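*Asks:* Structure in structure tokens, see below.
The values are calculated or read from the model by the stated rules, or taken from the named source; none is laboratory data. This structure is a prediction, so every number in the text was calculated from the model and none was measured. Neighbour counts are summed over all protein chains in view; Cβ atoms, including those assigned to glycine, are modelled from backbone coordinates with ideal geometry. Please note that ligands, DNA and RNA were not included when accessible areas were found on the heavy atoms of the full protein model with its side chains. Shrake-Rupley method; radii C 1.70, N 1.55, O 1.52, S 1.80 Å.
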Amino acid sequence: MVLAQARVERYGMRLLLVEDDRKVSDFVARGLRAERFAVDLAYDGQSACEFATSFSYDAIILDLMLPILTGTEVLKRIRKHAPEVPVLILTAKDDTATKVENFEAGADDYLTKPFAAAELLARVRSLLRIQELWDTVQTQSTQLAEWNKTLEQRVQEQVAQLDRHLRLAA
């Protein structure tokens, strides 16, 4: 845990990369780390679920064709545990039915292999920008709810004070 935290402090945003092909995962992880992302690697669906439920990630890059659990099953489990985390599907499956199935299961983006590293980075950054805006909206929503509660309390106090004044004047 200490090592993982040190990586986050050194690199910044923390990503989970789920890819069973070690050459692809090493290539993608090197590119992401070069861009100052902390990257954890999972090579099968079960490990991916364990990582996703044990650690907090800013985004997840997920292959579909994985051993033990499919990427689609992993996606469904991630959505139950951490619905707010952006998930980008990175897969060789390019048929429309698979894309639709995974978007409906909760994928935020979908990129097919082969892919350009620059496009993957751009998509990850885009997801992170959207997530940052979502976080801002959530924070503002909480703040507005607190302000509304305070305002309602003040109004109740003022109404009670007016009632007292009216009783005294009568």
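*Asks:* Using a 1.4 angstrom probe on heavy atoms only, work out the carbon and sulfur share of the accessible area of the chain in %.
*Replies:* Answer for the chain is 55 percent, counting heavy atoms of protein chains only.
*Asks:* Helix 22-34: angle to the longest alpha-carbon principal axis of the chain, degrees 0 to 90, nearest 10?
*Replies:* 50
*Asks:* A further question follows. Write down the accessible area per residue of the stretch 88-158 in Å², having rolled a 1.4 Å probe over the full set of protein chains.
*Replies:* For the stretch 88-158, the solvent-accessible area averages 69 Å² per residue.
*Asks:* Relative to the longest principal axis of the C-alpha atoms of the chain, give the angle of the C-alpha long axis of helix 71-81, reported between 0 and 90° and rounded to the nearest 10°.
*Replies:* That works out to roughly 20 degrees.
*Asks:* Starting from 0.36 nm per residue, how many nanometres of slack lie between Leu144 and Ile68 once their C-alpha separation is accounted for?
*Replies:* Using 0.36 nm per residue and subtracting the Cα-Cα distance, I get 22.9 nm.
*Asks:* Filter the trypsin sites (Lys or Arg not before Pro) in the stretch 19-92 to those in DSSP coil with at most 16 other Cβ atoms within 10 Å of their Cβ, and list the result.
*Replies:* Arg36
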